[in-house]
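As structure tokens, the structure follows; a few thoughts come after it.
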Amino acid sequence: MTENEPHGGLHHAAPPHFSSPHLAAPALRHGFFTRHGGVSQGIYGALNCGLGSGDDRAAIAENRARVQASFGKDTVLTGVHQVHGNQVHTIRQPAQVHDRPQADGLVTDCPDIILSVLTADCAPVLFADPVARVIGAAHAGWRGALAGICEAVIDAMLRLGAQPENIAAVIGPAISGQNYEVDAAMEAAFVEQEEAWRDFFTPGRQPDKRQFHLAPYVARRLELAGIGTVGQAALCTYAEPERFFSFRRATHLGEPDYGRALSAIMLATTER
């Protein structure tokens, strides 16, 4: 995972972001954006892209426009209304970018459409089959991951012609197990589905608490899905307040709201 510095944009300044060599193909553009490079103020500072936050709407619009511009001219940024489930929105034509259904995954084989997910501790996952020219994105919180959102994105990509061995998936910045304390009841819910999921829980600071390792859990499910490449950012959103938004950190600090980071991927029309 490499952090890219901001560079000159087309109309808006391009924000810094992380990228992965696993998604470095001529026809792909992607980025895991941080909280830097935007115009939002206060607790939302600065690149808050969350339409569901209480931030100033003009600031959110400018932040999202900066992300979009960083992908090039004539691109469209799209997303979904995330609900921590396993539904996937498939975009087959440009008109569908204006839809915002309740879902936690997106896939497309259309060029110049930027698929995006918003996170603030949950795991953003970007997918690509550069051979078939099919891409996807998933918002993988614990509920969605347990419900199979990543597998649902892969299945939707296969329906568009992707091949499992050619799919690369990269997990972006998310809360680490060290900072993700949960109830023992949550561990029980995972183990009820699959005994092997117990491996992703370690003892908490109190007898009835556990530490849940979300990104490694998501990575394991991706590996079991049989795709070609799985990568992880290994960056903790909770632990780096200067770089990342974090719902849990905001809650612990007693803040009334929190910013949302955007992760995105796009197929380019041409190699530019």
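The values are calculated or read from the model by the stated rules, or taken from the named source; none is laboratory data. It should be emphasised that the depicted structure is a prediction, and the values quoted were computed from it without experimental measurement. Note: ideal-geometry Cβ built from the backbone for every residue, glycine included; neighbour counts use all protein chains shown. Surface areas here come from the heavy atoms of the whole protein model, side chains and all, with no ligands, DNA or RNA. Shrake-Rupley method; radii C 1.70, N 1.55, O 1.52, S 1.80 Å.
Observations on the model:
- Taken over the stretch 52-82, the criterion of being in contact (Cβ under 8 Å) with a residue 40 or more places away in the chain, open to solvent by 20 Å² or more (accessible area, probe 1.4 Å) and of a type in the set (A, V, I, L, M) is satisfied by ALA65, LEU77.
- Tally, over the stretch 214-247, of residues that are surrounded by fewer than 17 Cβ atoms within 10 Å (Cβ to Cβ) and either of a type in the set (Asp, Glu) or in a loop (DSSP other than H, G, I, E, B) (or both): 8
- Some residue of the stretch 47-59 being touching a helix residue (DSSP H, G or I) at 6+ places or on another chain (Cβ under 9 Å), outside any loop (DSSP other than H, G, I, E, B) and modelled with pLDDT of 95 or more: yes
- Output for the stretch 98-118, where each listed residue is open to solvent by 10 Å² or more (accessible area, probe 1.4 Å), in contact (Cβ under 8 Å) with a residue 24 or more places away in the chain and in a strand (DSSP E or B): LEU118
- Each residue in the stretch 154-213 was checked for being open to solvent by 30 Å² or more (accessible area, probe 1.4 Å) and assigned to a strand (DSSP E or B), and 6 of them qualify.
- Given (1) open to solvent by less than 60 Å² (accessible area, probe 1.4 Å); (2) without any contact (Cβ under 8 Å) to a residue 60 or more places away in the chain, index of the condition LEU253 fails: (1)
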